[in-house]
Amino acid sequence: MTRSGQDVVRSPLAPSPTEPLDGRRLPIDLPTALRAAASDNLEIARAVARHREALGRRRRQQGLWIPAPGAGASIGGVDGQIQGSFGDFRDVDYETATVDGTLRWVLNPGEALFDTIAARRAADAQEAATEATRQQVLVATAGAYHNLARAQAEALARRERLDLARRKVALARALARGALAPASDAARLEAEALLREQESRGAEQAFREGSTRLAELLHLDPSVTLYPLDREIRERTLVDPVLSLADLVQIRDERNPSIREAGLRVASAAASKKASFWAAWSPTAAVGLLWGGVGETFGGIHDRTVWNVSSGWSLGAWKFAEGGIADARLDLARIAEESVQARTHGALVRAWEASRAAGERARLARDEVAAAEVARRGAGARWEAGLVAEGDVLPAADALALARLHLASAIADFNRAQADLLSHLGEVDETSLAGPSEAPGR
């Protein structure tokens with residue numbers, strides 16, 4: 001769909017902030033992750049297999065419309081008394097050899113017609129389900145990648161804040177040794193540094209967990225440490241912000257594969273209900289053709305052709321029960337369709353609101369970073385001019401690191417919300433989820 005209003009927001013990143021578990025690390029970017037997920041994901045493979053199964057059932061049903069050919073040969077004999085069709089008995093001694101080709105066709109036309117329609121609709125529904133699964137996997141992959149980028153930015157920011165806290169401790173200890181500050185200040189700052197170290201270790205662990213989750217989606221060895229190749233984390237505007245919620249609902253109704261699947265399930269169940277009706281009230285026709293030969297031995301076979309055409313109808317109580325089952329299945333399909341409509345509508349509204357809220361948080365975080373950068377530059381300039389001590393600069397640097405952490409978190413939330421919103425519209429592919437590499441005019 002048309003995308004506009006792109007904005008690149010940069011939050012510095014660096015290679016993997018933690019040591020790999022087994023010494024192996026693998027850089028990866030979002031387009032590569034999406035391509036890998038699309039080509040080698042177990043959930044997608046399972047959905048594709050189910051679609052092949054549905055296609056096989058459709059072909060099997062279509063095969064009912066084709067007469068079944070056959071061939072056979074036999075040899076046998078009778079020695080003794082047999083009873084004729086009119087009840088008479090006689091002694092016989094003969095052998096029989098046959099070589100035949102057959103063509104047989106047994107069909108209830110009404111039942112076969114609607115069963116074929118039902119099978120075709122079911123195959124189309126499974127195709128839509130496969131597409132829905134593919135889109136869900138891609139969105140999950142994009143979400144895992146954005147979470148990993150967020151964890152990486154957080155780990156780097158936590159480490160920077162830890163370094164600043166340790167520097168504060170060193171300065172406080174130096175002042176305490178010179179009797180310029182109480183020793184309690186150093187103890188308080190040391191406690192703060194230990195807290196920052198715990199936060200840094202927790203952020204590193206969150207990064208490792210994010211790496212393993214992404215690796216699982218990509219069907220990779222989770223012991224390999226993945227880290228984003230991007231040098232900055234940026235906003236990815238995937239859905240045109242000009243579109244209203246009503247516009248998005250209309251797009252969802254037209255393109256969401258889950259909605260399409262639910263509608264096709266209803267159509268398949270309706271056709272199955274008609275098939276059960278005609279199974280009870282439509283006669284069954286049978287056509288048979290046999291050609292070949294019969295004789296006392298295979299060397300003495302004489303030509304013969306046998307054909308027959310018949311039609312019949314029988315009504316069993318079980319057929320009415322089949323109709324009741326088909327009617328209940330149709331009701332279940334309709335209920336499922338209503339449930340999908342309601343669920344996707346609610347999810348779309350939530351994703352739309354989450355995207356707008358995350359965009360607003362990202363705007364505020366950008367302003368916070370801008371203000372913190374001004375404060376940091378001002379404090380640095382005063383320190384270089386000898387107007388303030390180094391300890392007066394460290395809080396400004398810490399505030400900037402914290403602001404960058406808030407920005408990375410806000411951007412990741414926005415990117416996930418955009419991917420989620422796009423998924424409910426049903427317009428997900430590797431290109432649309434990756435977004436543009438740069439914003440227009442940058």
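The values are calculated or read from the model by the stated rules, or taken from the named source; none is laboratory data. This structure is a prediction, so every number in the text was calculated from the model and none was measured. Note that we place each Cβ from the backbone using ideal geometry, even for glycine, and neighbour counts take in every protein chain shown. Note: areas computed on protein heavy atoms with side chains; ligands, DNA, RNA excluded. Shrake-Rupley method; radii C 1.70, N 1.55, O 1.52, S 1.80 Å.
Odds and ends about this structure:
- Flag if residue 376 is more than 40 Å from the chain's Cα centre (by Cα), of a type in the set (Lys, Arg) and buried (at least 19 other Cβ atoms within 10 Å of the Cβ): yes
- The residues listed here are 385, 357, 342, 365; of these, the one that is open to solvent by less than 10 Å² (accessible area, probe 1.4 Å) and either among the aliphatic types (A, V, I, L, M) or touching a residue at least 24 places away in the same chain (Cβ under 8 Å) (or both) is 365.
- Test: residue in the range 282-293 that is open to solvent by less than 30 Å² (accessible area, probe 1.4 Å) and β-branched (Val, Ile, Thr): no
- Residue in the range 189-211 that is nearest to residue 147 (Cα to Cα), counting only those that are open to solvent by less than 40 Å² (accessible area, probe 1.4 Å) and among the polar types (S, T, N, Q): 211
- Condition check for residue 249: surrounded by 16 or more Cβ atoms within 10 Å (Cβ to Cβ), assigned to a helix (DSSP H, G or I) and out of contact with any His (no Cβ under 8 Å at 6 or more places or on another chain): no
- Subset of the range 316-339 that is open to solvent by 80 Å² or more (accessible area, probe 1.4 Å) and touching a residue at least 12 places away in the same chain (Cβ under 8 Å) - its residue that is farthest from residue 245 (Cα to Cα): 320
- Within the option set 269, 262, being closer than 26 Å to residue 343 by Cα, surrounded by 19 or more Cβ atoms within 10 Å (Cβ to Cβ) and within 19 Å of the chain's Cα centre (by Cα) holds for one residue only, 262.
- Looking only at residues in the range 122-179 that are closer than 13 Å to residue 405 by Cβ and not hydrophobic (A, V, I, L, M, F, W, C), the one that is surrounded by the fewest Cβ atoms within 10 Å (Cβ to Cβ) is 160.
- Residue that is least open to solvent (accessible area, probe 1.4 Å) [pool: residues in the range 303-315 that are hydrophobic (A, V, I, L, M, F, W, C) and assigned to a loop (DSSP other than H, G, I, E, B)]: 315
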